[in-house]
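I have placed the structure first, in the form of structure tokens, so that the comments after it can refer back to it.
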Amino acid sequence: MAGRDWTWMLVLAAGLLPSGAAWADPLGPETVKLDHGRLRPGLYPIAPGSAVDTEPAQLPFDLNWSIGLKGSYTSSSTEGGNFLTTLNPAITARHDGRHTDLMLEGSTEIARPWDEDGALGVTALRLGLSSETALGANTRLSGNAAIALDHPLPNSPGLDPLVEVPPRVVSGSAGLGLDRSFGRINLGVKANVERSVYGATTRSDSGVTDNSDRNVWQADASLRAGIQITPILEVFGEAALGRDIFDKASPGLGVRTDATSTALRGGIAGRWNGVVSASASIGLGRHDFDAAGLGDINTQLYDASLTYSPNATVNLTASLSTNIEPTGADASGTARVSHVAAAQLDYRVNSWLRLRASADWSLSVLEGNGETERRRGIGAGADYALNAHTALAADYAYSHRDNSNTGLLDTHTVSLGVTLRR
């Protein structure tokens, strides 16, 4: 269903090979998860019936929580300025088992605008469960499941200025993955299914738009095979198959936009001593619609990623991708082809202060109606720890939106907040 890639990352990945390097870490999990029959250092067998000291009872998982309160001021080129207060509770529970690790994560955003008609509401909700199981020294099974709700407030940064009330979007997903290493050969299989349901949109130009025709089931499967050509570099190929099934026909097209997508890509990946990891690939993607009257989509796929962490204080990540996906709510056309680039830099000055910076760029085209949209943005922020449980945060963000139908939109957002952690 999705496609991606840029070739400029090939040059970066080719420079990751230093002389005399050791082979990259094996695909399998830590050895300790497989050596459960071996005593830990300092522990000795005890004769039957001997009295032993027992450790105090502990929870089977590591529980952490946080709650943040943030105030924001946003100024846009179409709506002027507005204030917003958000409350952000979050919780994580992690279990490190003998063979299986489990992670439960949940978060929500409760927001209220600072105006007379401002009502308190839940604008975002996330709940996810992920697991990883060691089936052997070279085999790893992973799984995930998640549900999410998104309901942006009117006049949210980057929102279409013609949208008075954005739609509520509820989604759920589940997936499985299996990775296996055969010496220098690495194989990976993944499968995922997702369901998305869209509420109605209220627009200033056309009134209420029913988005029920956008409700969709999506299923994807992929097979990846790679060969370790050097201790650091891997050459790989990947094939993917996807299916979109919509609930009903599109009113504007008169038919359902059900489609089958296929993708084939090849690339190179590198990893060096936990300091640098990078990958780049290029391929072809095809989106075939079931309805004979709809034009199929063929496009090149680009994908690239970079992670650079020279020490514990600096972390740089960057990514570039191409995607073919459903149009989403309040949009005509048959499918959306998007190109997205993003970068983020974190710098920990000391144990009290952390600095952050980010940048993003995207171009999307709605197939079937020719609508295009370009976005770009930058952001900067800082976190200051008052103590082990309290931190202050300050952020600035700028976004630019250029849509061929609705024109230009610029927004500036400044926010201050405090977070309490367990």
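The values are calculated or read from the model by the stated rules, or taken from the named source; none is laboratory data. The structure presented is a predicted model; accordingly, all values stated were derived computationally and were not measured. Using ideal geometry, Cβ is built from the backbone for each residue, glycine included, and neighbour counts are taken over all protein chains shown. When the accessible area is computed, the model is the full protein with side chains, heavy atoms only, and any ligands, DNA or RNA have been set aside. Shrake-Rupley method; radii C 1.70, N 1.55, O 1.52, S 1.80 Å.
The set of residues from the range 312-326 being among the β-branched types (Val, Ile, Thr), within 30 Å of Ile245 (Cα to Cα) and out of contact with any Leu (no Cβ under 6 Å at 6 or more places or on another chain) comprises just one member, Ile324. Taking the numbered list (1) more than 21 Å from Asp395 (Cβ to Cβ); (2) part of a strand (DSSP E or B); (3) of a type in the set (A, V, I, L, M, F, W, C) in turn, Ala329 passes all entries but (2).
Within the range 156-182, the set of residues being open to solvent by 70 Å² or more (accessible area, probe 1.4 Å) and either acidic (Asp, Glu) or part of a loop (DSSP other than H, G, I, E, B) (or both) comprises Pro157, Glu164, Arg168.
Looking at the structure I just gave you, is Gly183 of a type outside the set (S, T, N, Q) and either over 20 Å from the mean Cα position of the chain (by Cα) or farther than 30 Å from Ile227 by Cβ (or both)? Criteria met by Gly183. Among the residues in the range 89-105, are any touching a Gly at 6+ places or on another chain (Cβ under 9 Å), within 30 Å of Ala239 (Cα to Cα) and of a type in the set (Gly, Ala, Ser)? No; the residues of the range 89-105 include none that is touching a Gly at 6+ places or on another chain (Cβ under 9 Å), within 30 Å of Ala239 (Cα to Cα) and of a type in the set (Gly, Ala, Ser). Say we look at the range 134-155 and pick out the residues that are open to solvent by less than 30 Å² (accessible area, probe 1.4 Å) and farther than 21 Å from Ser212 by Cβ; which of these is modelled with the lowest pLDDT? Within the range 134-155, the match that is modelled with the lowest pLDDT is Gly136. For Leu316, the conditions (1) modelled with pLDDT of 95 or more; (2) in contact with a helix residue (DSSP H, G or I) (Cβ under 6 Å, 6 or more places away or on another chain) all hold with the exception of (2).
Within the range 252-283, track down each residue that is without any contact (Cβ under 8 Å) to a residue 40 or more places away in the chain and in a strand (DSSP E or B). Within the range 252-283, Thr260, Thr262, Leu264, Gly266, Ser277 meet the criteria. Please go through the range 211-226 and pick out each residue that is over 22 Å from the mean Cα position of the chain (by Cα) and either part of a strand (DSSP E or B) or more than 13 Å from Arg168 (Cβ to Cβ) (or both). Selection gives Asp213, Ala225, Gly226. The condition of being modelled with pLDDT of 95 or more and more than 30 Å from Gly254 (Cβ to Cβ) holds for only one of Leu353, Leu363, that being Leu353. Please enumerate the residues belonging to the range 385-418 that are open to solvent by 70 Å² or more (accessible area, probe 1.4 Å), farther than 20 Å from Glu164 by Cα and out of contact with any Lys or Arg (no Cβ under 9 Å at 6 or more places or on another chain). Residues satisfying the conditions are Leu386, Asn387, Leu392, Tyr396, Val414. Determine, yes or no, whether Gly254 is at positive phi and either crowded, with 19+ Cβ neighbours inside 10 Å or not β-branched (Val, Ile, Thr) (or both). Judged against the criteria, Gly254 is a match.
Being in a strand (DSSP E or B) and either closer than 30 Å to Gly242 by Cα or in contact with a Ser or Thr (Cβ under 6 Å, 6 or more places away or on another chain) (or both) holds for only one residue in Leu345, Leu363, and it is Leu363.
Selection of the range 89-127 for residues being surrounded by 16 or more Cβ atoms within 10 Å (Cβ to Cβ) and among the small types (Gly, Ala, Ser) yields Ala90, Ala93, Gly106, Ser107, Ala111, Ala124.
So that you can scan it fast, the table gives a plain yes or no per residue for (1) surrounded by 15 or more Cβ atoms within 10 Å (Cβ to Cβ); (2) aromatic (Phe, Trp, Tyr); (3) at pLDDT below 90:
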{"site": "Arg184", "(1), (2), (3)": "no, no, no"}
{"site": "Val189", "(1), (2), (3)": "no, no, no"}
{"site": "Val193", "(1), (2), (3)": "yes, no, no"}
{"site": "Asp213", "(1), (2), (3)": "yes, no, no"}
{"site": "Trp217", "(1), (2), (3)": "no, yes, no"}
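The set of residues in the range 284-306 that are of a type outside the set (D, E, K, R), assigned to a strand (DSSP E or B) and either under 30 Å from Leu253 (Cβ atoms) or open to solvent by 50 Å² or more (accessible area, probe 1.4 Å) (or both) comprises Leu284, Gly285, His287, Phe289, Ile297, Asn298, Thr299, Gln300, Leu301, Tyr302. Pairing each residue of the range 195-207 that is in a loop (DSSP other than H, G, I, E, B) with any residue that is open to solvent by 30 Å² or more (accessible area, probe 1.4 Å), provided the two are 6+ apart or on different chains, yields C-beta distances under 6 Å for Gly199/Arg168; Ala200/Val208; Ala200/Asp210; Ser204/Leu162; Ser204/Glu164; Asp205/Leu162.
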